[in-house]
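The values are calculated or read from the model by the stated rules, or taken from the named source; none is laboratory data. Fair warning: this is a prediction, and the values are worked out from it, not measured in the lab. Glycine also receives a Cβ, built like all others from the backbone with ideal geometry; neighbour counts cover every protein chain displayed. Note: areas computed on protein heavy atoms with side chains; ligands, DNA, RNA excluded. Shrake-Rupley method; radii C 1.70, N 1.55, O 1.52, S 1.80 Å.
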Amino acid sequence: MVRRVAVVGAGVSGLAATKCCLEEGLEPTCFERSEDIGGLWCYMDQAEEGRASIYRTVFTNSCKEMMCYPDFPFPDDHPNYMHNTRLQHYICKYAKHFDLLRHIQFKTLVTKVKKRPDFSVTGQWEVVTQRDGKEETAVFDAVMVCSGHHVYPNLPIADFPGIQKFKGHYFHSREYKEPEKFRGKKVLVIGLGNTGCDIAVELSTVASQVYLSSRSGSWVMRRVWDNGYPWDMLVITRFRTWLGNILPRALSDWLYVRGMNRFFKHENFGLMPLDKTSRKEPVFNDDLPSRIACGVVVIKPNVKEFRETSILFQDGTVQDDVDVVVFATGYSYSYPFMEDESIMKSRDNQVTLYKGIIPPQLEKPTMAVIGLVQSLGPIIPTADLQCRWAIKVFQASLFLSSLPQRYGSSTTLQTDYITYMDELASAIGVKPNLLKLLLTDPRLALEVIFGPCTPYQYRLVGPGKWNGAREAILTQWDRTLH
């Protein structure tokens, strides 16, 4: 019987894990290396080793109705997209409301997680922690890894010939906090993800020139969509997902590209993705096209070579007198506390997890990795549902037969949001029954089918049902307008 659960990290996923354990009558102990909750969203003036780091002006890319914990909506007066400090405040309120803080051990670093000698029988883990220089070991029936994937910077220096000769300053975007010290400088930002675009746009207000280099292009979407509504309230719907699944692939791809080009033609701005029909996560930035149109951000192809004070790009153009290079090149997946890293990683450093949660090589499925899946959807409700699913697996009320053989090859990370959420929800009996809803509550059914797939939908029925879910769905547009 699984009773004691170790939760690694007290960010949005770790808090969801702690709360879901309590809901199911388990005893969670959450280990947090810092002195506060929030993980990535807890802003610090300096990047700290082993901790996620954000810049001062980070805002959310998902709106408040889509990204909340499913049984804890944001207050009416909160804006649709939030500054990191406001989101952190909400996270703290959530932890207080569900009395989670007493289950968290702060300033406690997990140094080792290893199988017990009798793991194949008990599925138990030994968790070694360090606090104030003292080491402690405890035994847990299950482990939920919620340490995120924005901690270990990927700085691919080997891919950039001549970087050693470059006399300017270069650093990874996790070190970036605010723009003032770059006033009047020529800056190259490498990487066309959310972070790279945010930093390029912000620096363009103070730098003499910003160049934004991309290897493969990217779709750029606006947060503010048709009629001023949040993009995700209009795009992430069951009806659109169903339509996308039944249409022929060629037509679906054509509609996708047309939709992405609806506000501006990416080709004209040098942003067109090499693989146009790839559904990889787009960039959210309302300002980038206008910054390019104003000439303060110039789009460049991939860097071919660094020189002492100039940079040669793949198209043969050379940019002289570059002062600073920011590598917005993402992060590596790393679990330094895992005694056996092969539990999570397969060939080529890829993370392989069944349903994006359970390491497939385990004799007993008593470890879950929460919050690694990336989809065109918000992380908080995804993490919440992953936790609920994982706990059912721990309790063996959701049986996974012959895990290694059948699921050893399933790599994770990129997935369709509603399809993935419904898969997990069906397995644990919390997916809304649309036919039944149409017969018993047609008003709610229409909102569930044609409206945004807000997190409350996964608390309407089944284990973990929340009595406020129906009301939250029927009033979601009111809170958006408020």
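A few points about this structure:
- Spherically averaged projected area of the chain from its Cα convex hull (nm²): 23.8
- Its Kirkwood hydrodynamic radius, worked out from the mean inverse distance over all distinct Cα pairs, puts the range 223-325 at 16.6 Å.
- Residue list for the range 196-231, given a label point 7 angstrom along the Cα-to-Cβ vector of residue 267 and an amide N cut-off under 19 Å: 216-221
- The Cys residues in the chain with no partner Cys Cβ within less than 4.7 Å of their Cβ are 21, 30, 42, 63, 68, 92, 146, 197, 294, 453.
- Diffusion of the range 38-171 by Stokes-Einstein, at 37 °C in a medium of 0.692 mPa s and with Rh set to the Kirkwood radius over alpha-carbon pairs, works out to 175 µm²/s.
- FRET efficiency, residue 152 to residue 439 (Cβ-Cβ, R0 41 Å, nearest 0.05): 0.20
- Length gained when the stretch residue 165-residue 341 is fully extended (0.36 nm per residue, less Cα-Cα span): 59.8 nm
- Residues whose placed amide H lies under 5 Å from that of residue 225, excluding near-sequence neighbours: 231
- Rounded accessible area of residue 482 (nearest 10 Å², 1.4 Å probe): 140
- The range 6-163, accessible area per residue, ligands and nucleic acids excluded (1.4 Å, Å²): 42
- Solvent exposure, largest accessible area first (probe 1.4 Å, DNA, RNA and ligands not counted), of 115, 181: 181, 115
- The chain: relative contact order in percent, alpha carbon pairs under 8 Å with at least 6 residues between: 20
- Note on residue 302 and residue 114: their simple-model spin labels are 4.1 nm apart, each label 7 Å out from Cα toward Cβ.
- For residue 65, solvent-accessible area (1.4 Å; no DNA, RNA or ligand), Å²: 0
- The calculated 222 nm mean residue ellipticity attributable to helices in the chain amounts to -8000 deg cm²/dmol, summing -39500 (n - 2.57) over DSSP H runs of n ≥ 4 and dividing by all residues.
- Under 16 Å from the residue 293 label point (7 Å along Cα→beta-carbon), backbone N, the range 209-243: 220-225
- When peptides 320-326, 188-194, 458-464 are sorted by average Cβ neighbour count within 10 Å, with the highest value leading, the order is 188-194, 458-464, 320-326.
- As an equivalent ellipsoid, the range 204-249 spans semi-axes of 33, 18, 6 angstrom, where each value is the square root of five times an eigenvalue of the C-alpha gyration tensor, largest first.
- Extension gain (nm, one decimal) between residue 332 and residue 183, 0.36 nm per residue minus Cα-Cα: 50.6 nm
- Based on the convex hull around the alpha carbon atoms, the range 105-262 presents an average projected area of 17.9 nm².
- Among the protein heavy atoms of the chain, carbon and sulfur supply 50% of the accessible surface, probe 1.4 Å, non-protein parts ignored.
- Between residue 48 and residue 23, residue separation times 0.36 nm minus the direct Cα-Cα distance comes to 5.7 nm.
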